[in-house]
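Participant: First, the structure itself, so that you have it in front of you.
What follows is calculated from the coordinates using simple rules that are stated; it is not laboratory data. Bear in mind the structure is a predicted one, so any value in this text is a computation, not a measurement. Because the Cβ atoms are built from the backbone with ideal geometry, glycine has one as well, and the counts that use them run over all protein chains shown.
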Amino acid sequence: MFARDESDRLERLWRGTFGDAYVRRNLTADEGRKSFWWETLAKLDVVSALEVGCNVGANLRWLAEMLDRTNMVGVDINQRALEILRERLPGVRTVAASARSLPFADGSFDLVFTTGVLIHQDHDSLNRVMDEIVRCSSRYVLCGEYCAEPPEEIPYHGERGVLFKRDFGSLYQERFPELTLLEQGFLPASAGGWEDVTFWIFAKR
Ligand SMILES: C[S@@+](CC[C@H](N)C(=O)[O-])C[C@H]1O[C@@H](n2cnc3c(N)ncnc32)[C@H](O)[C@@H]1O
């Protein structure tokens, strides 16, 4: 199978019933994430933010307490997720788009971030998504993802070829010399809100 077919297959999954089932499971995912976002935004100089793969807003909910909602955008390919996000966070702009082709000008947002989204890109798509994230950021890039080196493919809710753990921090650093690592950390499942997620925060020069 060609890489583009694989990227299309994954996006079709997230658009359809597989993605809708995730939305139902994810409705309370915001609980336990407040302290991470409050601590993170307190350290950075952020006025505008874009979340790529925002789902129902488990992260944007907390950003909305600190940023003006009119400066916040959530992108996703699952329409049901965006409907719920609009109900929950009126004023936050939602955009149905592929992370492989973000409909924003270069440097449109101070912060562009993902949590649990890069893990769901196949190898070809991953580079395009990271390129788009870095292109749309003017100051910071953040990702919170499952980390493994060497990369591991993990079965996910009955599907194969859907979840890939990688060292995303190193991938960002190798591909983008304009990024400087500000912080790396681990968010253990035992602390609530996250499931053994590694996060990296980069400044963009
Ligand atoms: C595992 S969920 C994570 C949701 C959210 N970031 C969180 O932490 O709660 C992955 C999300 O990314 C979206 N997604 C996956 N691949 C995408 C792509 N190529 N373009 C846009 N959205 C994508 C899915 O629809 C889903 O909402």
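Participant: Is the chain rounded, prolate or oblate when judged by the Cα gyration tensor, a ≥ b ≥ c being the square roots of its eigenvalues, rounded requiring a/c under 1.5 and prolate requiring a/b larger than b/c?
Facilitator: It is rounded, given that a/c, with a ≥ b ≥ c, falls under 1.5.
Participant: If you take every residue apart from Asp122 with its C-beta less than 13 Å away from the C-beta of Asp122, what net charge results, scoring Lys and Arg +1 and Asp and Glu -1?
Facilitator: Charge balance in the 13 Å sphere: 0.
Participant: Tabulate in residue order the Karplus-calculated ³J(HN,Hα) for the range 115-130, using 6.51 cos²θ - 1.76 cosθ + 1.60 with θ = phi - 60°, rounded to whole Hz; enter x for Gly and Pro.
Facilitator: Result, ordered by residue: 9, x, 10, 4, 5, 9, 10, 6, 4, 5, 5, 4, 4, 5, 5, 5 Hz.
Participant: Taking amide hydrogens as modeled 1.01 Å from N in the peptide plane, which residues meet the under 5 Å criterion relative to Val95, leaving out close sequence neighbours?
Facilitator: Counting only residues 5 or more places away or on other chains, the set is Gly74, Val75, Asp76.
Participant: Here's another thing I want to ask about it. Name all residues of the range 131-145 having a backbone nitrogen under 15 Å from the label point set 7 Å from the Cα of Glu174 along its Cα→Cβ direction, giving them as ranges.
Facilitator: Only 131 pass the distance filter.
Participant: Further, regarding this structure: Looking only at the range 3-204, where both bridge partners belong to it, what percent of the DSSP beta bridges are antiparallel (to the nearest 5)?
Facilitator: Among the beta bridges of the range 3-204, antiparallel pairing accounts for roughly 50 percent.
Participant: Using θ = phi - 60° and the Karplus form 6.51 cos²θ - 1.76 cosθ + 1.60, what ³J(HN,Hα) does each residue of the range 26-38 get, whole Hz, x for Gly and Pro?
Facilitator: Ordered by residue, 3J(HN,Hα) equals 9, 4, 10, 5, 5, 4, x, 9, 4, 5, 4, 6, 5 Hz.
Participant: Grab the DSSP H runs of the chain that are 4 residues or longer, score each as -39,500 (n - 2.57), total them, divide by all residues and round the 222 nm result to the nearest 500 deg cm²/dmol.
Facilitator: -9500 deg cm²/dmol
Participant: Scan around Thr115 for amide H atoms under 5 Å from its own, H built in the peptide plane at 1.01 Å from N, and keep only partners 5 or more places away or cross-chain.
Facilitator: Those lying under 5 Å, H to H, from Thr115 are Gly144.
Participant: If you take the charge dipole of the chain about its Cα centre, with +1 on Lys and Arg Cβ and -1 on Asp and Glu Cβ, which of Pro155, Thr40, Gly185 is farthest toward its positive end?
Facilitator: Thr40
Participant: Ordered by residue, what ³J(HN,Hα) values in Hz, to whole numbers, does the range 164-178 give under the Karplus form 6.51 cos²θ - 1.76 cosθ + 1.60, where θ = phi - 60° and Gly and Pro are x?
Facilitator: 10, 7, 9, 8, 5, x, 5, 4, 4, 5, 6, 8, 10, x, 6
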